[in-house]
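This report refers to the structure that appears directly beneath it.
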């Protein structure tokens, strides 16, 4: 199916974005708050597409929901970047990827009326088991959760809610109308970060630091993120697509992230500080295999 292929390619791009995000928020003085703000505020640039793609103002309830959904994405990004700041991308991204399908199964039932099947319940067990194993770290013979675990799970829930609400919007909106509305919401959401005086200080002291250390990565990274988002939005908007399956395909993203982390940790250890060894890699591969079984169950 076309929407599955589109989603897999989008998650490959998102894996690249996650690795670059990890570098930007961890190896520079750029704060997660400021990075979230600049990631969201540039969404207003998509409004320049309106003369070319058109836009029809939706009914009030869909208008408000679309803006709120776009703003929700900004909150989700903030939590995601804070998790990346304190832990490895190869831990944070897989946990988010494992929890998104779990939450989506329940949210899609509550919001979209999608019923759980026997296979979905069984897939739930595999996702929980694989995600739990993947989230643990093994230090001196003792298993424990990594520092950003709770933030990663929260981000997973918010991403699941975000994508489920997008599917709900696309039940009544065209692709481009929904897309523009979500960008407006993201822009407005980023402006809310300026309410706090302390936030404004952190945000507006950032541009010079971006220019010196990360400008060469920030712009292309945001372009990649935008392309990936458009592809996922389009896949969700297609008739017959299932948001629970689309989110389950997140498994491909953390497979790509793990691959990137292994390669880059060896080639550029000064930039990517992933804690990887043979035992850890083996456990992550087993975890991915378990989660992959859950993915398989959701797609048959």
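The values are calculated or read from the model by the stated rules, or taken from the named source; none is laboratory data. Just so you know, these numbers come straight off a predicted model, no measurement behind them. Counting neighbours? That spans all protein chains shown, and the Cβs are built from the backbone with ideal geometry, glycine included.
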Exercise for the section: Would you confirm whether any residue within the stretch 30-41 is part of a loop (DSSP other than H, G, I, E, B) and either modelled with pLDDT under 85 or in contact with a strand residue (DSSP E or B) (Cβ under 9 Å, 6 or more places away or on another chain) (or both)? Expected result: yes
Problem - One residue from 67, 50, 24 being modelled with pLDDT of 85 or more and surrounded by 13 or more Cβ atoms within 10 Å (Cβ to Cβ) - result: 67
Problem - Per-region count, the stretch 31-52, residues without any contact (Cβ under 8 Å) to a residue 12 or more places away in the chain and over 14 Å from residue 223 (Cα atoms) - result: 3
Practice task
Assess whether residue 46 counts as being under 17 Å from residue 230 (Cα atoms), touching a helix residue (DSSP H, G or I) at 6+ places or on another chain (Cβ under 7 Å) and not in a helix (DSSP H, G or I).
Solution key: no
Exercise for the section: Go through the residues of the stretch 85-94 one by one and say whether even a single one is over 18 Å from residue 177 (Cα atoms), in contact (Cβ under 8 Å) with a residue 60 or more places away in the chain and in a loop (DSSP other than H, G, I, E, B). Expected result: yes
Practice task
Could you tell me whether the stretch 181-190 includes any residue that is within 20 Å of the chain's Cα centre (by Cα), over 16 Å from residue 75 (Cα atoms) and modelled with pLDDT of 85 or more?
Solution key: yes
Exercise for the section: Filter the stretch 95-125 for residues that are in contact with a helix residue (DSSP H, G or I) (Cβ under 7 Å, 6 or more places away or on another chain), more than 18 Å from residue 80 (Cα to Cα) and not in a loop (DSSP other than H, G, I, E, B) and give the result. Expected result: 105, 107, 108, 111, 112, 119, 120, 122, 123, 124
Exercise for the section: With the condition kept exactly as written, say whether any residue in the stretch 256-275 is crowded, with 16+ Cβ neighbours inside 10 Å and modelled with pLDDT of 80 or more. Expected result: yes
Exercise for the section: Give the residue, chosen from 251, 225, that is farther than 13 Å from residue 2 by Cβ, in a helix (DSSP H, G or I) and modelled with pLDDT of 75 or more. Expected result: 225
Practice task
Could you tell me whether the stretch 61-70 includes any residue that is farther than 19 Å from residue 167 by Cα and more than 15 Å from the chain's Cα centre (by Cα)?
Solution key: no
Exercise for the section: Looking for whichever is under 24 Å from residue 240 (Cβ atoms), surrounded by 21 or more Cβ atoms within 10 Å (Cβ to Cβ), modelled with pLDDT of 75 or more and over 18 Å from the mean Cα position of the chain (by Cα) here; the options are 160, 123. Which one fits? Expected result: 123
Problem - Whichever residue in the stretch 89-116 is within 16 Å of the chain's Cα centre (by Cα) and surrounded by fewer than 24 Cβ atoms within 10 Å (Cβ to Cβ) and, among such residues, is modelled with the highest pLDDT - result: 103
Exercise for the section: Would you mind telling me which numbered condition in (1) touching a residue at least 60 places away in the same chain (Cβ under 8 Å); (2) assigned to a helix (DSSP H, G or I) residue 58 fails? Expected result: (2)
